[in-house]
1. So which of A:Val401, A:Val422, A:Val367 is part of a loop (DSSP other than H, G, I, E, B), hydrophobic (A, V, I, L, M, F, W, C) and in contact with a Ser or Thr (Cβ under 8 Å, 6 or more places away or on another chain)?
2. B:Glu131 is checked against (1) farther than 22 Å from A:Ser79 by Cβ; (2) within 14 Å of chain A (Cβ to nearest Cβ) and fails just one. What number does that condition carry?
3. Are any residues in segment A:35-46 away from chain B (no Cβ under 14 Å), part of a helix (DSSP H, G or I) and surrounded by fewer than 21 Cβ atoms within 10 Å (Cβ to Cβ), and if so, which ones?
4. The conditions are (1) out of contact with any Phe, Trp or Tyr (no Cβ under 6 Å at 6 or more places or on another chain); (2) closer than 22 Å to A:Ile189 by Cα, and A:Asp212 fails exactly one of them. Which is it?
5. Let me spell it out: the conditions are (1) within 30 Å of B:Leu102 (Cβ to Cβ); (2) away from chain A (no Cβ under 14 Å); (3) free of Cβ contacts under 8 Å to residues at least 24 places away in the same chain, and B:Ser162 meets all of them except one. Which number is the exception?
6. Scanning segment B:120-172 for residues that are part of a strand (DSSP E or B) and among the hydroxyl-bearing types (Ser, Thr, Tyr), which turns out surrounded by the fewest Cβ atoms within 10 Å (Cβ to Cβ)?
7. Restricting segment A:16-34 to residues that are of a type in the set (Val, Ile, Thr) and either surrounded by 21 or more Cβ atoms within 10 Å (Cβ to Cβ) or under 19 Å from the mean Cα position of the chain (by Cα) (or both), which is modelled with the lowest pLDDT?
8. It is to be established whether one or more residues within segment B:70-84 are part of a loop (DSSP other than H, G, I, E, B), more than 14 Å from the chain's Cα centre (by Cα) and more than 20 Å from B:Asp36 (Cα to Cα).
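The values are calculated or read from the model by the stated rules, or taken from the named source; none is laboratory data. Predicted, not measured: the structure shown is a model, and the values here were computed from it. As a convention, Cβ positions derive from the backbone with ideal geometry for all residues, glycine included, and neighbour counts pool all protein chains shown.
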Amino acid sequence: MNGFKRGTTTLFLLLGGLVVFLGARPAAAVPAFSRKYQTSCQTCHSIFPKLNPFGEAFRLNGYHLPGETEEQVKQKAVSLGADAYARMWPEMVYPSSLPGNAPFALNVKMANIYASSHDDTGKQIVHNDFQFPQEANLFGAGTLGDHFSFFSEVTYAENPDGSGSVEIEHARLDVISAFGPEHLVNFRIGKFAPNLYDGFQEMWLMTDNGVDTLFAYNPIGFNGGTGLADSGGGVSLPARTRAIEMYGVAAHRLFYTVGISAPIGAGGPNGQFNNNSSKDFYARVDYKFGGMGLDGDSTGVTLPPENWRETSFRVGLFGYFGNGTDVNYAITDPAGNPFQMQQTSFRRTGVYGSLYVGDLNLIGVAVHGSDDLSLRDNDTGEELSSATRTYDTFFLQADYVIVPTFQVSARYENLRPADPSVDTQKAFNLNLSVLARANIKLMLEYHRDLHDAQNYQLAAVLRAAF
Amino acid sequence: MKGILVLALSAAVALPLAAGDIHGKVTCKGVRDSGDAVVYVGAIAGKTFPAPAQHAKIDQKNLVFWPHVLPVLVGTTVDFLNNDAVLHNVFSPDGCAEKFNLGTWPKGEIRSYTFKKECVAATLLCKVHPEMEAFVVSVPTPYFTVTKPDGSFKIEGVPDGSYTVKVWHPKLKPTQKAVTVAGSSAADFEIAK
């Protein structure tokens, strides 16, 4: 088998493996807010978990409605100190509040996954899995007074071997409008999907599948990355991180975020959470033309009553830069000899665009990646050679609201891995979503490797949020 | 002639001025309801009012001050009754109320404080229970009231004349306007954050 064929087969197998085993996807519809404001999911979601422009403003405002007034909050908060204590700080503890009810919500997800892939011999393997439930998510979300908010998600997922796994997918605390003009300076600390991916990380997409070509690419390989990896690979774009982030909205339409992060993965020795001491850096800046302001401002804008519609264009530039020195990955050369490889530094730069025209929302992201890879002796760890490898990936997704009950999405993904012997990966994802009720969603989703008609997944998914 | 004039002036002084009322509605924007706004007549030039002998009262029951907002005439003594089975404290961080602190006392006991100066408003707090909060609004005239939840109010016994009517709310910006009272007179207000 020549290098090209081996690489291609590896790619397909990895994709096939992903399709079968990466069924669990984070949910992000938070009925705790429905209870607090006594309002429907569709106030903030065009179809959960995808946010509409108002929901995006609510999120960026730290879970406060744009221009929120006391009477809009139907579930009165529990005072942890009279407002007057603010004047007496630090002699007295600064006042705060608790959500009126326990701020919890549940999502459950049932999935029937029909998946086709290949085994090592090229033989087609077909599975039809009832994953009932595939996962259950316990959310905690709310505000603590005017300047703090929190979001957490604990996911219980059923594993193929019958066991279960529990993970804290998100746990973060935000400081809202810490100083300066409202919405301009906010801080976030915890484990979360960075605002770097606002609008295209899976927790903000209407599809069941995330964009694996962005987030699951493995840049490690003897001649550079060859494709996707479920876990254990190097860093492409870490979908969630442990980070400290600053973000905000200026002049209603300019969004920015900067952060220092540590990707989530295998920890270091001696019980360390991070596998090396280096920290990554990321930044993004966006501008939104037309439509509702990113903070919910609608001054001078005529918006239709259908809250998923607007005419707007949001464009953003982002970058993620990191250092993976001292983190070793086991690889083999084409002859099968073992080596270690380090991703000593890496750079990701990208552009994001989101166009709303009536019922249509076009989302696109393109990323260029560059990795400095250090090949090391498997026994001594001594560096044998180093090289810079690059890859490119992009996706384009069209979401369309036929009527609020029926919505469709089509996505094309393209990944040119760094290893030149491996073919460009192309995938197509088609989704039909039906809101049986505002908080019950049915999805039929088809995901296909465009190089191989037998490498696909058809998923029927039921999600309920309550 | 001079005697008639003196007689007429004496009679005019002896007769009470016609008393009317100020009524209307305060619309409070951005809060749950329009209650708890204090509407009062501001200081009247050359006119002072004796402090009432009768004490006003604020109860502490079920870990809440009641009433939440209490307007009083300057010089009024307010009695604070602890009606709970737990210890309570009352203090104010506001200079216009001398930052008083009445200490801590048990159920059934009363401690008092006299609001000697105009104070809009004195925040009342309890160090034992940080969430407890109330307000005493010490104003220079006896013409005051607190709005109902629908914002309606009526200040009775206001002599005919021209006044500055002021509105204060615990969470909203205060406002004021000139009001001429001639019998029953209407005045509406709108306040917001």
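1. Exactly one of A:Val401, A:Val422, A:Val367 is part of a loop (DSSP other than H, G, I, E, B), hydrophobic (A, V, I, L, M, F, W, C) and in contact with a Ser or Thr (Cβ under 8 Å, 6 or more places away or on another chain), namely A:Val422.
2. (1)
3. Within segment A:35-46, A:Arg35, A:Gln42, A:Thr43 meet the criteria.
4. (2)
5. If we test B:Ser162 against (1) within 30 Å of B:Leu102 (Cβ to Cβ); (2) away from chain A (no Cβ under 14 Å); (3) free of Cβ contacts under 8 Å to residues at least 24 places away in the same chain, just (1) comes out false.
6. Out of the qualifying residues, it is B:Ser162.
7. A:Val19
8. yes
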